[in-house]
Amino acid sequence: MDDLINDLQRKGNWIINHIRNNEWITNSEGYQWFNGYYDNSGNRVEGDHINGTRMNLTSQVFTTMGGTATEEQVVKIIESANKYLKDEKVGGYRLNTNFYEVKKDLGRLLVLPLDIRKMVQCLAIWQ
C-alpha cells in the first residue's frame, strides 16, 4: 500500500509541476494565467488570438482550488481576470472572454490535482 501511495503522490506532484511549467501563459500585454483548454486539433485555446485575447475562468478556478497555482500565480490570475473577465454590466465575472466564434471542438486539459491528494489520503487511512 505504501508503494501505491508513494506512486500516486509522485504522479500528482509531476502533473502539478507540468501544468505550472507548461500551461502558465503570458500574453502580449504581460498578463499571466493558466491555459486550460486545447481544441481537437491540438491548438492552445487561451491567450493571444487573432480574434482577441482568450481567457476562461474555469481554468483559473480549477488550478487555484486544486492547489496547482502558487500564491504568486493566484495574484497574477486575479489581475488577468480583472482585466479580461470582470464586467460591471453583469455584476461580476464572465466565464470567458468573447471568442468571436462558436467553438464546438474544445477539450479540457486541466484536472484537479486535489482529487489525487484526496485519493492518497484515503489510501493512507485504509492501510
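The values are calculated or read from the model by the stated rules, or taken from the named source; none is laboratory data. Since the model is a prediction, treat every value here as computed from it, not as a measurement. Note: ideal-geometry Cβ built from the backbone for every residue, glycine included; neighbour counts use all protein chains shown. What goes into the accessible areas is simple: the full protein's heavy atoms, side chains included, and nothing from ligands, DNA or RNA. Shrake-Rupley method; radii C 1.70, N 1.55, O 1.52, S 1.80 Å.
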Could you pull out every residue, at least 5 positions away or on a different chain, whose amide H is within less than 5 Å of the one on TYR93? Hs are placed 1.01 Å off N in the peptide plane, and Pro or chain starts have none.
ASP87
Cut-off under 5 Å, modelled amide H: who pairs with TYR37 long-range:
VAL45, GLU46, LEU109
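Counting alpha carbon pairs within less than 8 Å and at least 6 residues apart, what relative contact order, in whole percent, applies to the range 43-99? Display every interim value, and only then the final one.
Details: 47 pairs, mean separation 22.1, N = 57.
In percent, rounded to a whole number, it is 39.
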Sequence-distant or interchain residues sharing an amide H contact under 5 Å with ALA69, placed H: which?
THR64
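Is there a quick way to get the dipole size of the range 1-101? I mean about its Cα centre, with the Cβ of Lys and Arg at +1 and of Asp and Glu at -1; what is the value in debye to the nearest 20? Provide the component values of the computation, followed by the final result.
Details: 10 positive and 14 negative charges, 39 e Å.
Roughly 180 debye for the range 1-101.
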Heavy-atom accessible area order for PHE62, PHE34, largest first, 1.4 Å probe:
PHE62, PHE34
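Accessible area per residue, 1.4 Å probe, Å², for the range 2-111: what's the number? Provide the component values of the computation, followed by the final result.
Details: 6630 Å² over 110 residues.
Counting only protein heavy atoms, the per-residue value for the range 2-111 is 60 Å².
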Per-residue HN-Hα couplings for the range 29-39 [Karplus 6.51, -1.76, 1.60; θ = phi - 60°; Hz; x = Gly/Pro]
8, x, 7, 10, 6, 8, 7, x, 9, 10, 8
